[in-house]
Every structure is written in C-alpha cells, then in structure tokens.
Amino acid sequence: KPTVAVVGRPNVGKSTLFNRIIGERKAIVEDSPGVTRDRLYAEGDWLNYTFNLIDTGGIEIKDEPFQQQIKMQAEIAILEADVILMIVNGRDGVTSDDLFVARILQKSKKPVVLAVNKIDNYEMRSEIYEFYQLGLGEPWPVSGSHGLGLGDALDEVVQHFKSLETEVEEDPSVKVSLIGRPNVGKSSLVNAILGEERVIVSDIAGTTRDAVDTAYTYEDQPFTLIDTAGMRKRGKVYEATEKYSVLRATRAIERSDVVLVVLNGEEGIREQDKRIAGLAHEAGRAIIIVVNKWDAVEKDEKTMREFELEIRSNFQYLDYAPITFVSAMTKVRLKTLFPLIQEAYASSHMRVKSSTLNEVLVDSVSMNPTPTDSTGRRLSIYYGTQVSVGPPTFVLFVNDVELMHFSYRRYIENQLRKAFDFTGTPIHIITRKRN
Ligand code: GDP
C-alpha cells in the first residue's frame, strides 16, 4: 500500500484536509477501544487506490524552535512517504516557511503534489499562481472547509502511485519485525541473529521502506527481518519523538506476520512498552515477548519467574504470547527465538476443520451454558466456521449477536485454545446472526 504524507505549516488546514481524505474511516479509528490512537496515521482511498496517510503536523519535538519542527516534519515525510502532499494557505501567499519546506522537499526527489488551500470560490483561483515559485510544479486549488478541488489534487497523487506499482513483488518469506522502545536492543538483536551474513534486501534508493529488511533462512524456511531501528543511520529524525516511533512500529507491524515485542530486562516495563505491544495485539499479529539484556540483570533463581509474572500482569491481553529471555550481547538463549517464531507463525496460520470446531463448540456449550438476557432469552450458537488465518478468525452463527457477552466470548476463546495449540497468536471470534 502506498503512503502519502501531508506536510505544511500550522494553520494551513492540514487537519481539515486530512480528515476529508480519510472520510468516514476516521470515526472507526477513533472508536477502536484499547490503545489511544493519535489521528496522525490513517487509511484513505481515492479511485481504486487505498493508501496510508500520515499527518506529519501531529509529530512534534517539545521545546524545539519552529523551523526545526517543520524541517523534521518534512524529513519524516521524505523518509516515510511515496508521495508528499504539501499544503499551503492561499490566503497568506508564499511565506518564507513555505519556501524553506519546499527546498527540503525538492532535494529529496520524492514526488510532491502541491495543494493551495482556502481557495473557497472561483474568484480566488488567481491566488494560486504565485505558488509556482515554490518549484514544486502545478499548484492545485482546494478548499478543505468547502470540500472543493481535492479530487483533482488526489488524481495527481494517484498518478504517482502508478509509477510505483511495478516495484511491488510478493515474496513468500515469513515477515518478522522487532518493535520496542528506543535502545531496548532491536538492532543489536538483528545483528546478533544475522551475524556476518547481514543481507539487506530492500534498501533500494528511491523506494520507501520504513525499515531495513534483511533475509534470513532458518531450517530451509525463508524469513525477512524487519528492523525498525535500521533507518536511524540515515534519518537523524528517527525516534526523535514518541509519536514517530509509535508510527514506525505501526507501519512495521502492518507488514509483519510475527512481531517480536522487545523489552529491556535491565530497565523493566514502561508505559511505552505497553502502548507498542498493544498495537501489535490490535493488529492481530502473532507475538513473542523478548526480554533482552538479560546478561545485565542481577539475578537469582527467582528473577526470571518474577519478571515473567510482571509481564503477565502488565500485558494481560497478551496471555497467548510466549516469553523468552535473551541477550543480544552474549547471545544467551538467542537460539530460542526461531523455534518460537515458527511455532507462533504456524499457530496464526492454522486452519481448523469445521467438523472439529463444531465438536469443540458443542462440548463447550454443554459444559457451560450460554448466557441469557434480562428477559430470559438465551444465546444459541448454531455453528461455527473458520474464515481466515493470520490471526485465526472464527465466525459463530447465532440467534442474536447481542446475547454474546464478552465473558462468554472469552470462555469460547479459552476452550478453543485448550483444544488447539494457538500459542503465540491472538484469535478473533466474530458473531453473525443466522437468517
Ligand atoms: P534499539 O534502539 O532497540 O535498536 O537498540 P540498540 O540495538 O541500538 O541497543 C541499544 C544499546 O543497548 C546499545 O548500547 C547496545 O550495545 C545495548 N545492548 C543491546 N543489547 C544488549 C544486551 O543484550 N545486553 C547489554 N548489556 N546491552 C545491550
């Protein structure tokens, strides 16, 4: 999926346009429970294209001068996006900040589409011409508040996608990403796993890869390791802000089959660890919790067990994720990683036969009757079927979806986990009314 980044000074109307582009999806993003999501990353579509949209205006470094902020936003856009949508304010004319941002974008050679906002009526169109001096090509008049002109600007954005299409090739490897706070040791782990054979597979100049991908073969199975930290050398803005590192994690998760949530054994668990792990869980990815720097921990025979309990109580929703304690530095227990990755991947791609599934459902209901509502109406589960993998997703056909309580859904999930080995993967249970 291509990525479009929106850049521009504050008050040019970036957020309004951002919201117009993502349209009704916005509501869905904001309603999703659990992790609080900043509205700086969303999905949009135009014509037959679906794309990721980043509002770089939402990323800021505290206490930095204004020019540093807009410079960082432009650099993030260049690193992350396939196409940049620069917004200027038609009522202000060209400002020195616009020129400053335009110069940074020009140097990057990334395609830029220039939208002149607040052109609310036809008479104002003549305001756009002075924006040719930004050197970013044709300025498109738009009005975020009136919803005008955006279609033409998006047409041009989509034009640029067409030249990207040939690059994308499906590869059969299992994608594994390492996510976690800065300095937990993600890069060190990748290096320790790969040793000398670090082969960069998609570090192609001019293409956007928000992480450096490396190929690795384990027991004849091809893997791709996605190292979100690998970009750091090239982009100094990397991890400058928490929002940006969360954004990067989100993007890495999106591309992965299995996510290694890396914790720092030396420092313990922080709020940001929970936030990042929550993203992987919500995305339905297979997850392994990796406690790194275990060499640096002063420990006795109880330490590991205690840390494990702490993880379980801090990450209750990740009860399916195995935990392993390693050291990138001394390579202790690094050998545990790939067997766990293989197992988690296999779990997340397991397909359960409908007949077996329904036996488990019938047994589950007979052991623990379905709930009733206040009027005494009882949930009936007629039958279930697995509809997809990655994560395994089951549809249960019922008499009334309202009767399926959270706790009963949880019970069914636990029964499925007892019957089948879903170690390392979330499973999704959806209810549908049978007509
Ligand atoms: P990243 O930001 O998560 O990629 O973290 P890095 O891989 O850059 O590591 C951050 C720091 O932690 C570096 O100084 C590493 O040398 C150190 N480090 C990484 N892994 C280990 C480990 O297993 N043990 C110890 N003691 N230090 C580590």
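The values are calculated or read from the model by the stated rules, or taken from the named source; none is laboratory data. Fair warning: this is a prediction, and the values are worked out from it, not measured in the lab. Ideal geometry is used to build each Cβ from the backbone, glycine not excepted, and the neighbour counts take in all protein chains shown.
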Given the structure, is Val157 within 16 Å of the ligand (Cβ to nearest atom), under 23 Å from the mean Cα position of the chain (by Cα) and surrounded by 21 or more Cβ atoms within 10 Å (Cβ to Cβ)? no
With the requirement that a residue be in contact with a strand residue (DSSP E or B) (Cβ under 8 Å, 6 or more places away or on another chain) and either over 18 Å from Glu127 (Cα atoms) or surrounded by fewer than 22 Cβ atoms within 10 Å (Cβ to Cβ) (or both), what does the range 71-88 give you? Gln73, Ala74, Ile76, Ala77, Ile78, Glu80, Ala81, Asp82, Val83, Ile84, Leu85
Restricting the search to the range 409-434, which residues are in contact with a Phe, Trp or Tyr (Cβ under 9 Å, 6 or more places away or on another chain) and among the aliphatic types (A, V, I, L, M)? Ile412, Leu416, Ile427, Ile429, Ile430
When you scan the range 292-302, how many residues do you find that are within 15 Å of the ligand (Cβ to nearest atom) and within 18 Å of Ile269 (Cβ to Cβ)? 7
Being surrounded by fewer than 17 Cβ atoms within 10 Å (Cβ to Cβ), under 24 Å from the mean Cα position of the chain (by Cα) and part of a helix (DSSP H, G or I): is that true of Lys162 here? yes
Where the second residue is modelled with pLDDT of 80 or more and among the hydroxyl-bearing types (Ser, Thr, Tyr) and the first is within 26 Å of Glu219 (Cβ to Cβ) and within 8 Å of the ligand (Cβ to nearest atom) and lies in the range 161-185, which pairs have Cβ atoms under 9 Å and are six or more apart or on separate chains? Leu178/Ser187; Gly185/Ser327
Applying the selection to the range 305-357, what residues are within 17 Å of Val184 (Cβ to Cβ), touching a Ser or Thr at 6+ places or on another chain (Cβ under 9 Å) and more than 16 Å from the ligand (Cβ to nearest atom)? Ala321
What residue, of Val176, Val212, is within 19 Å of Ala328 (Cβ to Cβ), modelled with pLDDT of 85 or more and among the aliphatic types (A, V, I, L, M)? Val176
What residue, of Glu239, Glu308, is closer than 27 Å to Leu164 by Cβ, of a type in the set (Asp, Glu) and either at pLDDT below 80 or surrounded by fewer than 16 Cβ atoms within 10 Å (Cβ to Cβ) (or both)? Glu239
Say whether the condition of being without any contact (Cβ under 8 Å) to a residue 24 or more places away in the chain, farther than 25 Å from Phe223 by Cβ and loosely packed, with under 13 Cβ neighbours inside 10 Å is met by at least one residue in the range 90-102. yes
From the list Ile269, Ile288, Ile276, exactly one residue is within 16 Å of the ligand (Cβ to nearest atom), of a type in the set (Val, Ile, Thr), modelled with pLDDT under 95 and within 23 Å of the chain's Cα centre (by Cα). Which is it? Ile276
Which one of the conditions (1) assigned to a helix (DSSP H, G or I); (2) loosely packed, with under 14 Cβ neighbours inside 10 Å does Ser374 fail to meet, given that it meets all the rest? (1)
Check the range 136-153 and report whether any residue there is away from the ligand (no atom under 16 Å from the Cβ), surrounded by fewer than 19 Cβ atoms within 10 Å (Cβ to Cβ) and part of a helix (DSSP H, G or I). yes
Out of curiosity, is Val401 touching a strand residue (DSSP E or B) at 6+ places or on another chain (Cβ under 8 Å), of a type in the set (Val, Ile, Thr) and surrounded by fewer than 14 Cβ atoms within 10 Å (Cβ to Cβ)? yes
